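The values are calculated or read from the model by the stated rules, or taken from the named source; none is laboratory data. Keep in mind the model is a prediction, meaning the values are calculated, not measured. FYI the Cβ positions are ideal-geometry reconstructions off the backbone, even for glycines, and counts take in every protein chain you see. Heads up: the accessible areas ignore ligands, DNA and RNA and are worked out on the full protein's heavy atoms, side chains in. Shrake-Rupley method; radii C 1.70, N 1.55, O 1.52, S 1.80 Å.
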Amino acid sequence: MENEISGRTRLAGLFALPARHSFSPMMHTTAFQATGVDAVYLSFDVQPERLGESIQAIRDLEMLGINLSMPHKMEAVKYVDELSQAARLIGAINTIVNQDGKLIGHITDGIGCMESLKQNGIEIIGKRMTILGAGGAATAIITQAAIDGVEAIDVFNIKDDFYQKIEPKLAMIAEETNCQIQLHDLTDEKQLADSLAASSLLINATNIGMAPKTDQMPLPNEGLLRKDLPVFDVIYHPGETKLLKAAKATGAKAVNGLDMLLYQGAAAFNLWTGKEMPVEQIQPLLEKEIKK
């Protein structure tokens, strides 16, 4: 290690189950070293019944903070002292910041998506977008997009039990942010065609295109794509889904979810340290890890 561990070294980490597969320790410990922050980052397998005492340990051990992944993102909300606007609207957190014993819960997934769009030259503020899926990643993106000033969002999801649960949450987000958010049935091809025709961006936040569904596409047909409709897919493995291939074939800008992963981590790093993550140094390391 470039920085020697000392009696002043602070700890950050990941609470998840499982946690050992995470790229976060590599990302954050490298960033700590590069920016001169005396800290290390470790992964912890935390059982659901031990989540409360594990979060208390952030205070007791004077940790910088932690990231949270499945299955703890929603349950952890009850153990923090304060929530960011996005975290409150979503009802989930993936980052906790320790401010002298006061624990603040944040959700950085949506921030990561919006920053990725910006870095890839996709301008969506003040415009309309269409998103496929309404699960955790989708809701984080919808919420941050609405907070940041996207004018309208058409959300498409299969009409299952979850559909009924997400509808009031989307209405609440729309009311607080003054963003026009409409939920539609993913099987309504006419509505999907109309929404895409009026949109400046398509986001896939479903798992269609990820193994074992790599030969599938979340759209009913490629004819709905067009050259001036950028496509963002939250999936980063494989690096190019069938949807992104189809978008590129029309001449559209096509972006996978790797930068979203990078920038959601960068947002957490900034919340803990007040410093900018050296993303140009982390990105090639992340790409190398994913190809293993």
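Given the options 133, 91, name the one that is at positive phi and either surrounded by fewer than 23 Cβ atoms within 10 Å (Cβ to Cβ) or among the β-branched types (Val, Ile, Thr) (or both).
Result of the check over 133, 91: 91.
Please determine, by comparing only the residues of region 182-228 that are basic (Lys, Arg) and either touching a strand residue (DSSP E or B) at 6+ places or on another chain (Cβ under 8 Å) or more than 22 Å from residue 120 (Cβ to Cβ) (or both), which one is most open to solvent (accessible area, probe 1.4 Å).
190
Output the number of residues of region 148-173 satisfying the condition of being aliphatic (A, V, I, L, M) and over 20 Å from residue 202 (Cβ atoms).
Of the residues in region 148-173, 2 are aliphatic (A, V, I, L, M) and over 20 Å from residue 202 (Cβ atoms).
Which residue pairs have Cβ atoms closer than 7 Å, lie 6 or more positions apart in sequence or on different chains, and pair a first residue in region 150-161 that is more than 11 Å from residue 134 (Cα to Cα) with a second residue that is of a type in the set (S, T, N, Q) and open to solvent by 10 Å² or more (accessible area, probe 1.4 Å)?
Note: pairs meeting the criteria are 151/180; 152/180.
Does at least one position in region 254-275 carry a residue that is in contact with a Phe, Trp or Tyr (Cβ under 9 Å, 6 or more places away or on another chain), open to solvent by 10 Å² or more (accessible area, probe 1.4 Å), acidic (Asp, Glu) and not assigned by the TED database to the domain that holds residue 95?
Yes; the residues of region 254-275 include at least one that is in contact with a Phe, Trp or Tyr (Cβ under 9 Å, 6 or more places away or on another chain), open to solvent by 10 Å² or more (accessible area, probe 1.4 Å), acidic (Asp, Glu) and not assigned by the TED database to the domain that holds residue 95.
Looking at (1) within 28 Å of residue 226 (Cβ to Cβ); (2) in the same structural domain as residue 270 (by the TED database), which is the only condition residue 139 fails?
Evaluating residue 139 over (1) within 28 Å of residue 226 (Cβ to Cβ); (2) in the same structural domain as residue 270 (by the TED database) leaves (2) as the failure.
Any residue at all in region 60-76 that's open to solvent by 30 Å² or more (accessible area, probe 1.4 Å), free of Cβ contacts under 8 Å to residues at least 40 places away in the same chain and more than 28 Å from residue 170 (Cα to Cα)?
Checking region 60-76: at least one residue is open to solvent by 30 Å² or more (accessible area, probe 1.4 Å), free of Cβ contacts under 8 Å to residues at least 40 places away in the same chain and more than 28 Å from residue 170 (Cα to Cα).
Just to be sure I understand the filter: pairs with C-beta atoms under 7 Å, separated by 6 or more residues or on different chains, first member in region 276-291 and within 16 Å of residue 29 (Cβ to Cβ), second member of a type in the set (Ser, Thr, Tyr) and in a helix (DSSP H, G or I). Which pairs pass?
From region 276-291, the pairs are 278/35; 281/30; 282/30; 285/30.
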